[in-house]
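This report refers to the structure that appears directly beneath it.
The values are calculated or read from the model by the stated rules, or taken from the named source; none is laboratory data. Computed from a prediction, not measured in an experiment: that's the story for all the values here. With ideal geometry, Cβ positions are generated from the backbone for all residues, glycine too; neighbour counts draw on all protein chains shown.
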Amino acid sequence: MPEPIAPRDVALDVVWKHIATHGRRPTSQDVDRALYRDRGVRGEVISALPEDLFTIAPPAAGGRVEDGALIGLTAAGVRAAGGGARELELFLMIIRQAADREREFEPASQGDRFRLTASDVSAFNRLGDSGTDALLPRVGEILRAEHWGGTWIQGTDPHWTFEIDRGVRRFVGVPDLDTYFQVRNQTPPSLAPPRFDALFWTGFAAVFAVVAAFLTGIQQWSVLRTLTLLAAVTAAVLALHRRRLDLRTRVYGVVAVMCAAGFGWTFWG
C-alpha cells in the first residue's frame, strides 16, 4: 500500500498549480478548500506550513491564518513542488540583472531608487509576447516571496513593479539556485567599529596643525610651504578615517595628492 502524501507536499502542489494557472497567489480559503474537497486533507494545515517553503501574508496571528491571507511559495518551495524550472531560471536572471542595473542607476533626486518592471524585463531580454503574459506573473510571485533586495510596489505595469535597494548587490553574478540560497542565508557581516572615531581623527589633525605650525615657525618656513604641509597631512588623515570608496573619500584623496604635490614643489623648488 503506497504511503499517504504528506499534507505539506499536497499544499505545495495546490499552491503552485494555482499560481501557474492564475498567475497569482491563492488565498487561504482557496488552499483550504482545495485541500479538503479535492485532496481529502482534514484538519488545519495552513498555519503549520514551513516558512522556508511558503509565505503567508499577512502572517498568522495567534496560530490562526486569516481567511483572505495570500499563500505563496518561496524559490525553495517552487523547486520542492517539482515544477517551475523555467520560472526559477528567469527568476535568477532577473536578480542578476537587477544587481547590475541598480549600481548603474542615477537617481534624479536624493532617496530615489531603481524600479524594475515586468515590461522592463521583457524588453531588456527580448522575451517577446510568446508565453510572457503567463510566465512573468508567475516569476513575479516568486520575487515577492523572496528577500533579495526588491520590494513589490503598486505600479502602472500590468504585471509587477519592484523598488530595488542596495541589498540586491550581493547577488551579482549568482550562477545557480543553490548559490543564491547560500548568499541569501548568509548574515551580512557587521561593520567592525572604527578603531578610533571621527572625533579622535579630527583632534589628531588639529594637534598636528598646531605642532607643525610651531616647528615651521622655528624653521622659518614660508607661509605657502607651511599651509601646503598642513593641508596635505590633514586631508590625508581625514581620507584615512573614511575608508569607504565614496565621493567624499575620493575628494579627500584628490585634495591630499594635490597638496602633497604643492608641498613638494615649494620645498624642492
Inset, instruction - Filter region 72-86 down to the residues that are farther than 12 Å from Leu143 by Cβ and not basic (Lys, Arg), then identify the one that is surrounded by the most Cβ atoms within 10 Å (Cβ to Cβ). - result: Gly77
Legend entry - Total residues in region 140-161, condition without any contact (Cβ under 8 Å) to a residue 40 or more places away in the chain, touching a helix residue (DSSP H, G or I) at 6+ places or on another chain (Cβ under 8 Å) and in a loop (DSSP other than H, G, I, E, B): 1
Inset, instruction - Evaluate the following for Ile95: is it in a helix (DSSP H, G or I), within 22 Å of Thr161 (Cα to Cα), of a type outside the set (Asp, Glu) and in the same structural domain as His159 (by TED's automatic domain parsing)? - result: yes
Legend entry - Lone unmet requirement of (1) among the β-branched types (Val, Ile, Thr); (2) touching a residue at least 12 places away in the same chain (Cβ under 8 Å); (3) in a helix (DSSP H, G or I); (4) out of contact with any Pro (no Cβ under 8 Å at 6 or more places or on another chain) for Thr21: (2)
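So that you can scan it fast, the table gives a plain yes or no per residue for (1) surrounded by 13 or more Cβ atoms within 10 Å (Cβ to Cβ); (2) hydrophobic (A, V, I, L, M, F, W, C):
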| position | (1), (2) |
| --- | --- |
| Asp13 | yes, no |
| Asp30 | yes, no |
| Arg42 | no, no |
| Val45 | yes, yes |
| Phe54 | yes, yes |
| Ala61 | no, yes |
| Val65 | yes, yes |
| Leu70 | yes, yes |
| Leu88 | yes, yes |
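Considering Arg86, Arg39, Arg8, Arg79, which residue is modelled with pLDDT of 95 or more and basic (Lys, Arg)?
Arg79
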Legend entry - Lone unmet requirement of (1) under 25 Å from Pro26 (Cβ atoms); (2) in contact with a helix residue (DSSP H, G or I) (Cβ under 8 Å, 6 or more places away or on another chain); (3) of a type in the set (S, T, N, Q) for Asn125: (1)
Legend entry - Which listed residue, of Trp160, Trp148, is over 21 Å from Pro26 (Cα atoms) and surrounded by 20 or more Cβ atoms within 10 Å (Cβ to Cβ): Trp148
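Each row is one residue, and each column tells you yes or no for (1) assigned to a helix (DSSP H, G or I); (2) at pLDDT below 85.
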position: Ser109; (1), (2): no, yes
position: Val121; (1), (2): yes, no
position: Asp133; (1), (2): yes, yes
position: Arg138; (1), (2): yes, no
position: Arg169; (1), (2): yes, no
position: Trp201; (1), (2): yes, yes
position: Ala212; (1), (2): yes, yes
position: Leu215; (1), (2): yes, yes
